[in-house]
Amino acid sequence: MVRVLKLELRGITKRFGTLLANDHIDVVVESGQIHCLLGENGAGKSTLMNVLYGLYEPSDGEILIDGKPVSFRGPGDAMAAGIGMVHQHFMLVPVFTVAENVALGAEPTKAAGFLNLDETRRRIREISDQYGFDVDPDALVEDLPVGVQQRVEIIKALVRNAKVLILDEPTAVLTPQETDELLDIMRQLKAGGTSIVFISHKLREVKEVSDTITVIRRGKVVGSAEPTASTTDLASMMVGRAVSLTLEKAPAKPQEKTFEVRDLTVIAHNGQHVVDGLSFDIARGEILAVAGVQGNGQTELTEAILGLQDRVSGSITLDGKELLGRSVKEVLKAGVGFVPEDRKVDGLVGTFSVAENLVLDLYDKPPYAKGISMSPARILENAKARIDEFDVRTPSAAAAAGTLSGGNQQKVVMARELSRPLRLFIASQPTRGVDVGSIEFLHRRIVAERDQGTPVMIISTELDEVMELADRIAVLYKGKLVGIVPAGTGRDVLGLMMAGIHPDEQAQPQPAASRPAPTSDAEGGDHV
Amino acid sequence: MSTTVSSRPGNPQPDNAAADSGAAATSAKPVSWKTPVLLAAFGLIALVFFGLLGPNKTASFGISTGSDFFQLPALEVNAFGGGIVLSVLLLALAAYAVYLKTKGRPAPGWLTVTFIVLFVAAFLIWVVGGARTPSISLAGLIAGSVTLAVPLVFGSLSGVLCERVGVVNIAIEGQLLGGAFTAAIVATMTQNPFIGLAAAAVAGAVVSMVLALFSIKYLVNQIIVGVVLNVLVSGVTGFLFSTVMQEDKARFNSPPGLDIIEIPILSEVPIIGPILFRQSLVGYLMYVAVLVVWVGLFKTRWGLRVRAVGEHPQAADTLGINVNATRFWNVTLGGAVAGIGGSFFTLVAIDSFTKEISGGRGFIALAALIFGRWNPIGAFFAALLFGFADNLQSIVTIIGTPVPSQFMAMLPYLVTVLAVAGLVGRSRGPAASGIPYVKG
């Protein structure tokens, strides 16, 4: 019989300098349960778990296992106590094999410290068979798909006899189908006696799999909930005020098609066709959402439109003018607004002030510049107006953009891009790592831009976001367009399209699935 | 990870395209035209210079040395014919690489290695054939190469130990020099070369500890600390040399040397004997060190942890491995290894210390490390190649070549540049090398 533990966190407090990341948090994880920590990005969930896992030392408070206080000086102690963790960013060495990764830190050895990986391979196969993981112990981790890498992480914890498994935002990198598989694995683990701490901000998954839910906001526990609670209630607990989860948007009134992409192909440095013969168009007053699992050509597509890719063929026209082959500056001048997928790398200069970041694309034009001199007064004036308009929470316009929260950084980027008259608006991952409150705001702004008659293209790996914003949905798989389907297409159909299966093919193998999938939207108002 | 200092000379960063391909796991590794094109270019050079313009004389290569227990006849080759045959072979290899490239596959390692060996052979035949006395001792050439390579091998092993754990060691030069100086002065004062050898290891380790302390604990840019250490060691040893050693050479700078130990019978086997079984203690230690480091890195628990720390320190940390302690002790060990290499200068090669006795070999060792793809055995052969170029240069100057000796003197450095510029294709170092690890 496996030993099961009861885990208790009492009054855990963690300070980073002046920042209070965890403020007297109490959580009890009963044995054999799936306990969800629900909270927005930056609420302090991951910090709490890093304390529990021995990576951070708590400033105050204690951890109890089966009623006895313990103190962890490092992850080694936590593992010895039966705690395992799957980090949001996998802790796997890409150039090692699965077996080497699993063995690392607790290597079975022969005499004189020589590795004995056969033992590890055997354990991996055992666990892999038990849970149907299908993991090859000798595969190189860098060659494995993300979903399989995650299983390797789970195996790592199980090999160390973890009784409590912490999963930190495990679904962020998965397709909807992979997510369902993971939820099944979690249920199996629970049935086998492993307790799970499941960290997430996605309400649908949380409701589906949890036994208990603890909601954390701004470093504090604000309450617990039953999985039967309604999504709206959970969302408002998480955000701290009533939020409307469904975006109210009028039906699109598409006008003439002004943005056309024909046979667009982008070849990467390695000779791979990362974007492969894409053709689509967007009408004024319409949002085309591009869905797909990360890494299927979305980045290259947007970069090609902006003029950031070298080896591009085909044609991209806006208002009848060819954009391909023009410099980025000319493309921007043609009226393209662009929100890049990684705001910290491409969207902002972190050490520049908010005011400066708000004119990054206009700093050399009047009224912000005259000849070779810039006019700080006008830049500041502009900043104040934008900060008000977009409700950017910043100490001042002079604060460094890098010090703002993710949501506020994104508002700065969005404010800058939307402050010019646009002929085309492209937003890549517009709400990645943004709190629920800001998501709502940003979504409304995007719809407002559409309603002004701008063609809008949204690239998102979050299916919920795609389904919420889109008037039409294009799905990319391995650089190719799987298809363009109308808004309201079902989650399962889209999920399979994201795995490269066209809706027409989907119907054939399962004739039983004759439910009106393309129009059903079973999840209703569940889009968080 | 908060700080990322990733500037590294001559080391292409890992391929990001592969790293961020989530679902598109099928993404092929890039195959560049560089290797096939370089091979073809060198094949043509060989054909024109070593073949078509080759001297129609006979080049003779002695295989046995006087002390071998049986003598083999010297190898005699017509320089013109040999050049043509070898360069045609070279072009065939290049053509095969081009063919592979069109199939989207990279040139395999053996191909490049064979190419280099054949090219060197063609070059040798050409040089010797055109010399005033067209005859050299091949055995002497190779044995001399090994001798010259000894400090390089130790230096690059030091680099392997440091970079595999995530610290760039530019201070190899300083460690060699420190080892050479300390070995000389300690061996002289104790009149015992073995104590000198041990002291050299300690000196190298001390230099390394400074590097480790500043780069790991105080997060100073590793390249800068390394460069500063080189200058510091050079200054200190230079100063002590002129103020202490030169004042009383007998008391401070006439170390007893480490003798060549000949292993009976085995040392008399032609070619292999002088290389493997007619070495000083330091030479034997070199072979042992290469094997021990290789086995240690790839077959033991210690090695797995070291490599994990150099590739993904956070992952190692979450598994209870102390990243910074692992780094500190490995860098220290690396310094000790380089220190032993430094002792070779003063205890084996020359019988006293002089200023800058290491003469930049620490940097060549660094190149050997990259050329050898961060692998102890690869680094060993790369160091051997550099030692060979070095030795060839001095030998062909003696026998009188058609090429001006100044050009021949450039040979080791030319080989270095070509090697590091990626003749062996893309080399990928440990992912976290040069990046300090900060928790949280």
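The values are calculated or read from the model by the stated rules, or taken from the named source; none is laboratory data. Given the structure is predicted, the values throughout are model-derived calculations rather than measurements. Every residue, glycine as well, gets a Cβ built from its backbone with ideal geometry; the counts of neighbours run over all protein chains shown.
Among residues of segment B:261-278 being free of Cβ contacts under 8 Å to residues at least 40 places away in the same chain, not in a helix (DSSP H, G or I) and not aromatic (Phe, Trp, Tyr), the one that is nearest to B:Thr354 (Cα to Cα) is B:Ile261. Within segment A:251-301, the set of residues being assigned to a loop (DSSP other than H, G, I, E, B), more than 18 Å from A:Ala427 (Cβ to Cβ) and within 14 Å of chain B (Cβ to nearest Cβ) comprises A:Ala268, A:His269, A:Asn270, A:Gly271, A:Gln272, A:Val293, A:Gly295.
Taking (1) touching a Lys or Arg at 6+ places or on another chain (Cβ under 8 Å); (2) part of a strand (DSSP E or B) in turn, A:Leu165 satisfies each apart from (1).
Considering every residue within segment A:305-319, establish whether at least one is within 28 Å of the chain's Cα centre (by Cα), under 17 Å from A:Ile458 (Cα atoms) and either among the polar types (S, T, N, Q) or assigned to a loop (DSSP other than H, G, I, E, B) (or both). Checking segment A:305-319: not a single residue is within 28 Å of the chain's Cα centre (by Cα), under 17 Å from A:Ile458 (Cα atoms) and either among the polar types (S, T, N, Q) or assigned to a loop (DSSP other than H, G, I, E, B) (or both).
Of all residues in segment B:395-412, how many are in contact (Cβ under 8 Å) with a residue 24 or more places away in the chain and touching a helix residue (DSSP H, G or I) at 6+ places or on another chain (Cβ under 9 Å)? Even if it seems obvious, please write down each step before you answer.
Filtering segment B:395-412 down to residues in contact (Cβ under 8 Å) with a residue 24 or more places away in the chain leaves B:395-396, B:399-403, B:412.
Filter again for touching a helix residue (DSSP H, G or I) at 6+ places or on another chain (Cβ under 9 Å), leaving B:395-396, B:399, B:401-403, B:412.
The qualifying residues number 7.
Checking the structure you have, find out if any residue of segment B:270-277 is small (Gly, Ala, Ser) and either within 14 Å of chain A (Cβ to nearest Cβ) or over 26 Å from B:Asp351 (Cα atoms) (or both). Checking segment B:270-277: not a single residue is small (Gly, Ala, Ser) and either within 14 Å of chain A (Cβ to nearest Cβ) or over 26 Å from B:Asp351 (Cα atoms) (or both).
When the criteria are applied in full, A:Ile426 meets the requirement of being buried (at least 23 other Cβ atoms within 10 Å of the Cβ) and among the aliphatic types (A, V, I, L, M).
Taking A:Met85, is it touching a strand residue (DSSP E or B) at 6+ places or on another chain (Cβ under 6 Å), within 13 Å of chain B (Cβ to nearest Cβ) and either surrounded by fewer than 18 Cβ atoms within 10 Å (Cβ to Cβ) or not in a helix (DSSP H, G or I) (or both)? Spelling it out, A:Met85 is indeed touching a strand residue (DSSP E or B) at 6+ places or on another chain (Cβ under 6 Å), within 13 Å of chain B (Cβ to nearest Cβ) and either surrounded by fewer than 18 Cβ atoms within 10 Å (Cβ to Cβ) or not in a helix (DSSP H, G or I) (or both).
Whether a residue is part of a loop (DSSP other than H, G, I, E, B) and among the acidic types (Asp, Glu) was assessed, and A:Asp346 does not pass this test. Of the numbered criteria (1) under 29 Å from A:Ala21 (Cα atoms); (2) assigned to a helix (DSSP H, G or I); (3) at pLDDT 85 or above, the one A:Arg378 fails is (1). Looking at segment A:65-74, can you tell me whether even one residue there is facing chain B (nearest Cβ under 8 Å) and either out of contact with any strand residue (DSSP E or B) (no Cβ under 8 Å at 6 or more places or on another chain) or surrounded by 20 or more Cβ atoms within 10 Å (Cβ to Cβ) (or both)? Looking for residues that are facing chain B (nearest Cβ under 8 Å) and either out of contact with any strand residue (DSSP E or B) (no Cβ under 8 Å at 6 or more places or on another chain) or surrounded by 20 or more Cβ atoms within 10 Å (Cβ to Cβ) (or both), one finds at least one in segment A:65-74, hence yes.
Of all residues in segment A:125-139, those that are within 15 Å of A:Lys156 (Cβ to Cβ) have Cβ atoms under 7 Å from Cβ atoms of residues that are in a loop (DSSP other than H, G, I, E, B) and not hydrophobic (A, V, I, L, M, F, W, C), 6 or more apart or on another chain, in A:Arg125/A:Pro137; A:Ser128/A:Asp134. Screening B:Ala368, B:Ala389 for residues that are within 12 Å of B:Gly155 (Cα to Cα) and in contact (Cβ under 8 Å) with a residue 24 or more places away in the chain leaves exactly one candidate, B:Ala368. Selection of segment B:268-281 for residues being surrounded by 17 or more Cβ atoms within 10 Å (Cβ to Cβ) and closer than 19 Å to B:Ile377 by Cβ yields B:Ile275, B:Leu276, B:Gln279. A:Asp184 meets each of the listed conditions (1) part of a helix (DSSP H, G or I); (2) closer than 24 Å to B:Gln314 by Cβ; (3) of a type in the set (D, E, K, R) apart from (2). Within segment A:20-48, the set of residues being touching a His at 6+ places or on another chain (Cβ under 9 Å) and either more than 21 Å from A:Val434 (Cβ to Cβ) or part of a loop (DSSP other than H, G, I, E, B) (or both) comprises A:Val27, A:Val28, A:Val29, A:Gly39, A:Glu40, A:Asn41, A:Ala43. In segment B:218-249, the qualifying residues are those that are touching a residue at least 24 places away in the same chain (Cβ under 8 Å) and among the small types (Gly, Ala, Ser), and the one that is surrounded by the most Cβ atoms within 10 Å (Cβ to Cβ) is B:Gly226.
Go through B:Gly296, B:Gly320, B:Gly342 for me and flag whichever is part of a helix (DSSP H, G or I) and either more than 14 Å from every other protein chain (Cβ to nearest Cβ) or farther than 22 Å from B:Pro151 by Cβ (or both). Walk me through it before giving the result.
Working: B:Gly296 fails: either more than 14 Å from every other protein chain (Cβ to nearest Cβ) or farther than 22 Å from B:Pro151 by Cβ (or both); B:Gly320 fails: part of a helix (DSSP H, G or I).
Residue meeting the stated conditions: B:Gly342.
Being without any contact (Cβ under 8 Å) to a residue 60 or more places away in the chain, within 24 Å of A:Val27 (Cβ to Cβ) and under 25 Å from the mean Cα position of the chain (by Cα) is not true of A:Ile154. Within segment A:142-162, can you find the residues that are within 11 Å of chain B (Cβ to nearest Cβ), of a type outside the set (A, V, I, L, M) and in a helix (DSSP H, G or I)? Selection gives A:Glu142, A:Asp143, A:Gly147, A:Gln149, A:Glu153, A:Lys156. Are any of the residues in segment B:270-293 at negative phi and touching a Gly at 6+ places or on another chain (Cβ under 7 Å)? Scanning segment B:270-293 turns up no residue that is at negative phi and touching a Gly at 6+ places or on another chain (Cβ under 7 Å). Taking only segment A:377-392 into account, find how many residues are of a type outside the set (A, V, I, L, M) and loosely packed, with under 12 Cβ neighbours inside 10 Å. The qualifying residues number 1. The number of residues in segment A:429-439 being crowded, with 20+ Cβ neighbours inside 10 Å and either of a type in the set (D, E, K, R) or over 29 Å from A:Ala43 (Cα atoms) (or both) comes to 1.
If you go through segment A:208-232 and pick out every residue that is of a type in the set (D, E, K, R) and closer than 15 Å to A:Gly39 by Cβ, you end up with 3.
Give the residues of segment A:103-127 that are assigned to a helix (DSSP H, G or I) and either surrounded by fewer than 18 Cβ atoms within 10 Å (Cβ to Cβ) or away from every other protein chain (no Cβ under 13 Å) (or both), sorted by residue number. Correct list: A:Ala111, A:Ala112, A:Gly113, A:Asp118, A:Glu119, A:Arg121, A:Arg122, A:Arg123, A:Ile124, A:Arg125, A:Glu126, A:Ile127.
When segment A:142-173 is examined, which residues are found to be of a type outside the set (Asp, Glu), more than 30 Å from A:Ile65 (Cα to Cα) and out of contact with any helix residue (DSSP H, G or I) (no Cβ under 6 Å at 6 or more places or on another chain)? Before you say what the answer is, go through the steps one by one.
Filtering segment A:142-173 down to residues of a type outside the set (Asp, Glu) leaves A:144-152, A:154-167, A:170-173.
Still in the running and more than 30 Å from A:Ile65 (Cα to Cα): A:144-148, A:173.
Within segment A:142-173, A:Leu144, A:Pro145, A:Val146, A:Val148 qualify.
Listed here are the residues, each with its yes/no results for (1) in a helix (DSSP H, G or I); (2) surrounded by fewer than 23 Cβ atoms within 10 Å (Cβ to Cβ); (3) at pLDDT 90 or above; (4) within 14 Å of chain A (Cβ to nearest Cβ).
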residue: B:Leu347; (1), (2), (3), (4): yes, no, yes, no
residue: B:Thr354; (1), (2), (3), (4): no, yes, yes, no
residue: B:Ile364; (1), (2), (3), (4): yes, no, yes, no
residue: B:Ile377; (1), (2), (3), (4): yes, yes, yes, no
residue: B:Thr397; (1), (2), (3), (4): yes, yes, no, no
residue: B:Met408; (1), (2), (3), (4): yes, yes, no, no
residue: B:Leu414; (1), (2), (3), (4): yes, yes, no, no
residue: B:Leu418; (1), (2), (3), (4): yes, yes, no, no
residue: B:Gly422; (1), (2), (3), (4): yes, yes, no, no
